[in-house]
Amino acid sequence: MEKKFSLKKLTSSREMSLLLVLVILCVFVQIRSGSFLKVSTWMDMFQNYAVTMILALGMMCVLLIGGIDISIGSTLALAGMSTSLMLRDGLFESTFIAFVVSAVIGILCGLVIGLIISKGKVLPIIATLGFMNIYRGITYLVSDSRWVAAYEFPDSFKAFAQTKAFGVLNNLIIIMIVCYVIFFFMMKWTKLGRKIYAVGSNAEAAEVSGIKIDNIKLFVYGLMGGLAGIAGAMWVSLYASAQGDMGTSIEMDVIAACVIGGVSLNGGKGSVAGVFLGSLTIAIIGKALPLIGVSQFWQSGIKGVIIIIAVILNVLTQRAMDRNNLKRREM
């Protein structure tokens, strides 16, 4: 009786189902590689995928209100490149200021998109598709289609992504953790978080209740842009270079992480915990496949299959949860 209850509880939770899949995947990779579960391997994985994991938080909020943003890779590139050019030209040397400047540029990019969507009533997919090309074009324009090389950056900025705070965790991992803690608190215990869920669940009801939907959309896209700006500074610091094509197609991994984590593309459903697990799935797949000797030509295909399986499991779990909720109401 107890075992049956535990199994039912396990399969009725989206996050627990995904966690089970991750555990099985990790055990399989460990058996094949023998080194996957080492602390150093995981720290390296989190460092390299911190950008994707942070962007997934912003995308979660965008999807929760029923929107989408496929311009985040271009926003990342524009913010990262602009900040790199300022560092190269000696406008400032502080790493903190570099991150602030990059975040501000990202916020401005996001607010422009938010205005077009909220005030101009343009479909999110159309607006962000257009700005994906606009921001990428501006990136090449301001950089004159040139790279900013490692020797042109201040040493402190290049060292930031490789430094461990208190000798324990990498700085990029700490930024990622702080972002998840803030978003967990915001989405679970603040009025703003409840308003974001309300807009995605039922926009008309939210408007009747006094929620200013346009302001929420503007905030969410500005937030997404700000996170893309921070991610741009992280990217440049991590790879010690800035190129016009950086961040290309990263939005696909970010959206996949959200969907795998249980965020509904129709809006109103999703959690920070689920997004973390979805992002972790993408990171594990990206790190594990090379370790077990999978050819680079097969990695994208296998990655896609795993993503589809995870999404199907999430759909089945959601249906089970809906059936259970319906039974409770009938009782």
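Of everything in the range 224-252, what is under 13 Å from the mean Cα position of the chain (by Cα), surrounded by fewer than 23 Cβ atoms within 10 Å (Cβ to Cβ) and touching a residue at least 40 places away in the same chain (Cβ under 8 Å)? Give them in sequence order. Even if it seems obvious, please write down each step before you answer.
Start the filter on the range 224-252 by keeping residues that are under 13 Å from the mean Cα position of the chain (by Cα), which leaves 224-232, 247, 249-252.
Filter again for surrounded by fewer than 23 Cβ atoms within 10 Å (Cβ to Cβ), leaving 249-250, 252.
Passing the criteria: Ser249, Ile250.
Conditions (1) surrounded by 12 or more Cβ atoms within 10 Å (Cβ to Cβ); (2) modelled with pLDDT of 75 or more; (3) touching a Gly at 6+ places or on another chain (Cβ under 9 Å); (4) not in a helix (DSSP H, G or I), marked per residue:
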{"residue": "Gly262", "(1), (2), (3), (4)": "yes, yes, yes, yes"}
{"residue": "Gly274", "(1), (2), (3), (4)": "yes, yes, yes, no"}
{"residue": "Ala288", "(1), (2), (3), (4)": "yes, yes, no, no"}
{"residue": "Gly293", "(1), (2), (3), (4)": "no, yes, no, yes"}
{"residue": "Gly304", "(1), (2), (3), (4)": "yes, yes, no, no"}
{"residue": "Val311", "(1), (2), (3), (4)": "yes, no, no, no"}
{"residue": "Arg328", "(1), (2), (3), (4)": "no, no, no, no"}
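In the range 81-97, how many residues are closer than 20 Å to Arg146 by Cα and out of contact with any Pro (no Cβ under 8 Å at 6 or more places or on another chain)? Outline the logic, then answer.
Taking the range 81-97 as the starting set, the residues that turn out to be closer than 20 Å to Arg146 by Cα are 81-91.
Of the ones still in play, those that are also out of contact with any Pro (no Cβ under 8 Å at 6 or more places or on another chain) are 81-86, 88-91.
Qualifying residue count, the range 81-97: 10.
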Out of Leu192, Leu172, report the one residue that is assigned to a helix (DSSP H, G or I) and under 24 Å from Leu238 (Cβ atoms).
Leu172
With a cut-off of at least 1 residues that are surrounded by 24 or more Cβ atoms within 10 Å (Cβ to Cβ), in contact (Cβ under 8 Å) with a residue 24 or more places away in the chain and among the polar types (S, T, N, Q), name the helices (runs of 4 or more DSSP H) lying wholly within the range 36-125.
72-88, 95-118
Is one or more of the residues making up the range 186-197 more than 19 Å from Gly267 (Cβ to Cβ) and within 26 Å of the chain's Cα centre (by Cα)?
yes
Among the residues of the range 216-259, write down those that are farther than 26 Å from Ala203 by Cα, outside any loop (DSSP other than H, G, I, E, B) and β-branched (Val, Ile, Thr).
Ile230, Val236, Ile250
Residue pairs meeting the criteria (Cβ under 6 Å; at least 6 apart or on separate chains; first over 16 Å from Arg88 (Cβ atoms), in the range 146-173; second of a type in the set (Lys, Arg) and surrounded by fewer than 16 Cβ atoms within 10 Å (Cβ to Cβ)):
Asn170/Lys164
Here is a check on your reading of the model: is Gly200 buried (at least 20 other Cβ atoms within 10 Å of the Cβ) and either farther than 24 Å from Thr95 by Cα or modelled with pLDDT of 95 or more (or both)?
yes
Here the residues within the range 195-213 that are in a helix (DSSP H, G or I) and either among the basic types (Lys, Arg) or farther than 21 Å from Gly67 by Cα (or both) are Lys195
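The values are calculated or read from the model by the stated rules, or taken from the named source; none is laboratory data. Predicted, not measured: the structure shown is a model, and the values here were computed from it. Positions of Cβ are generated from backbone atoms using ideal geometry, with glycine treated the same way; all protein chains shown enter the neighbour counts.
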